[in-house]
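I have placed the structure first, in the form of structure tokens, so that the comments after it can refer back to it.
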Amino acid sequence: MVGAGLSGAVIGRHLAEAGHKITVLDSRDHIGGNCHTARDAETGVMVHVYGPHIFHTDDAEVWGYVNGFESFLPYKNRVKTTSLDPEGRRGVFSLPVNLHTINQFFGKTLRPEEAHEFITEEQADISITDPQTFEEQALRFVGRDLYEAFFKGYTIKQWGVAPSALPASILKRLPVRFNYDDNYFFHKYQGMPENGYTAMIEKILDHPGITVKLETVFDQSQAADYDHVFYSGPLDGYFDYQLGRLGYRTLDFERFTHQGDYQGCAVMNYGEEAVPYTRITEHKHFAPWENHDGSVCYREFSRAATPEDIPYYPIRQVEEKALLGEYVALAEQAEGVTFVGRLGTYRYLDMDVTIREALDTARGFLAAQENRAPVPAFFVAPL
């Protein structure tokens, strides 16, 4: 297993329980990948080191799986955003856009049906019948005022390109609600691991058939030492970037502490393009069952990833998809390796989907072995 994050841990555990001897390698000095959590030495707060990870799923098996290794406590992600209303007054609003957001933003007291009529008939640009870009989708969905206040500036900062250059599919994940529900997610199961994600992944890896080696860089030449390699590192990295690098966005975090409660919520977005950071996260609010006098916060900045950076978000625009197709062709010619996870398949994946695909991959591998069939390079196609 190349990578001690969710993909490597879940696949490794499943195969170890089936009798295989597993070696897990990771170039970092800790397990957990970007889900890694650790206690802040100064405040005692459990910090999501690479940015917030909130677990939410409708997959009952996956929910049962994670709860088998760590107790998940109730947590609802209630995101706020600071932005300007139509009169240019700065305010704090709820996301996703809901009935409270609409009434507060426009200074109205609309009921659900009235708000729906107001947005769809007075705000939404109904002349856009087949939105192709993020901007067109937003204008068609909520109209120019809400788009410019909550989506335009944030998107430019997050992706580094104009919303008119991004696909409409990005915005389809953000619903508009005509009630006062401010829970950011709508999945049946939502929560946070009581002792953090690293504690959970440590338990997944705790099996006599699993050996973990940290601060160990994988080289393709090592593949010959194993019956099979499951690779969750960057797909282009496996081939030494011989065709060029796939594009990613990365994040920079500016840490600061505060005595008391800094912002009253876990996540505060900043919709204005003039504010250089996309959001501030206050990590003690991710574990509301704990009490801490001090607080640790992070301002989050997004930019294009360089070769030295941690890749976070695959860009997946036209040029990247063309290059991805070339790497997929290379991968399918390789023997003895399966590419998994967010980096291995160059797709943005939530944690529950990562675990689901890892379980399916492990089962698929065992089935292929039993049937003496070839193991595919991808159990989930990247394109």
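The values are calculated or read from the model by the stated rules, or taken from the named source; none is laboratory data. Source: prediction; values computed, not measured. Backbone-built Cβ (ideal geometry, glycine too); neighbour counts: all protein chains shown.
Could you pull out the residue among Tyr184, Tyr270 that is within 23 Å of the chain's Cα centre (by Cα), aromatic (Phe, Trp, Tyr) and at pLDDT below 95?
On the way: Tyr270 fails: at pLDDT below 95.
Matching residue, one of Tyr184, Tyr270: Tyr184.
Could you grab me the full set of residues in the range 200-231 that are surrounded by 19 or more Cβ atoms within 10 Å (Cβ to Cβ) and either farther than 30 Å from Leu323 by Cβ or in contact with a Lys or Arg (Cβ under 8 Å, 6 or more places away or on another chain) (or both)?
We begin by selecting, within the range 200-231, every residue surrounded by 19 or more Cβ atoms within 10 Å (Cβ to Cβ); these are 200-202, 204-205, 210, 212, 218, 229-231.
Residues satisfying the conditions are Met200, Ile201, Glu202, Ile204, Leu205, Ile210, Val212.
For Glu114, indicate whether it is of a type in the set (D, E, K, R), modelled with pLDDT of 95 or more, out of contact with any His (no Cβ under 6 Å at 6 or more places or on another chain) and surrounded by fewer than 16 Cβ atoms within 10 Å (Cβ to Cβ). Spell out the reasoning first.
Working: of a type in the set (D, E, K, R): yes; modelled with pLDDT of 95 or more: yes; out of contact with any His (no Cβ under 6 Å at 6 or more places or on another chain): yes; surrounded by fewer than 16 Cβ atoms within 10 Å (Cβ to Cβ): yes.
Yes, satisfied.
Residue by residue through the range 114-154, note down the ones that are within 23 Å of Phe178 (Cα to Cα) and hydroxyl-bearing (Ser, Thr, Tyr).
Once the filter is applied, which keeps residues that are within 23 Å of Phe178 (Cα to Cα) and hydroxyl-bearing (Ser, Thr, Tyr), the range 114-154 yields Thr120, Ser127, Thr129, Tyr147, Tyr154.
Filter the range 39-58 down to the residues that are among the charged types (D, E, K, R) and buried (at least 18 other Cβ atoms within 10 Å of the Cβ) and list them by number. Reasoning before the result, please.
Initially, the range 39-58 is screened for residues among the charged types (D, E, K, R), giving 39-40, 42, 58.
Within the range 39-58, just Asp40 meets the criteria.
Need pairs with beta-carbon distance below 7 Å; first residue under 10 Å from Pro376 (Cα atoms) and within the range 319-336, second among the aliphatic types (A, V, I, L, M); sequence gap 6+ or separate chains.
Ala331/Leu235; Ala331/Ala377; Glu332/Ala377; Ala334/Ala377; Gly336/Ala223; Gly336/Val229
Find the strands (runs of 3 or more DSSP E) located wholly in the range 69-140 whose residues include 3 or more that are under 18 Å from Leu171 (Cβ atoms), and list them.
Passing ranges, in order: 79-84, 90-95.
Any residue at all in the range 101-111 that's at pLDDT below 95 and surrounded by 18 or more Cβ atoms within 10 Å (Cβ to Cβ)?
The initial filter retains those residues of the range 101-111 that are at pLDDT below 95, namely none.
Scanning the range 101-111 turns up no residue that is at pLDDT below 95 and surrounded by 18 or more Cβ atoms within 10 Å (Cβ to Cβ).
Report, by residue number, each residue of the range 160-178 that is part of a helix (DSSP H, G or I) and surrounded by fewer than 20 Cβ atoms within 10 Å (Cβ to Cβ).
Ser164, Ala165, Ala168, Ser169, Ile170, Lys172, Arg173
Inside the range 196-219, can you point out the residues that are polar (S, T, N, Q) and over 20 Å from the mean Cα position of the chain (by Cα)? Please lay out each step first, then the result.
Step one: list which residues in the range 196-219 are polar (S, T, N, Q), which gives 198, 211, 216.
Result: Thr211, Thr216.
So Arg249 fits all but one of (1) closer than 30 Å to Thr101 by Cβ; (2) modelled with pLDDT under 95; what number is the exception?
All conditions pass for Arg249, except number (2).
For the range 179-222, which positions are polar (S, T, N, Q) and not in a loop (DSSP other than H, G, I, E, B)?
Kept after step one, since they are polar (S, T, N, Q), are these residues of the range 179-222: 179, 183, 190, 195, 198, 211, 216, 220-222.
Gln190, Thr198, Thr211, Gln220, Ser221, Gln222 - these are the residues of the range 179-222 that are polar (S, T, N, Q) and not in a loop (DSSP other than H, G, I, E, B).
Go through (1) surrounded by fewer than 21 Cβ atoms within 10 Å (Cβ to Cβ); (2) of a type in the set (Lys, Arg); (3) more than 20 Å from Val267 (Cβ to Cβ) for Arg90 and report which single condition fails.
(3)
Looking at Ser169, Ser232, Ser164 in this structure, which one is at pLDDT 95 or above and among the polar types (S, T, N, Q)?
Numbers: Ser169 fails: at pLDDT 95 or above; Ser164 fails: at pLDDT 95 or above.
So the residue among Ser169, Ser232, Ser164 that is at pLDDT 95 or above and among the polar types (S, T, N, Q) is Ser232.
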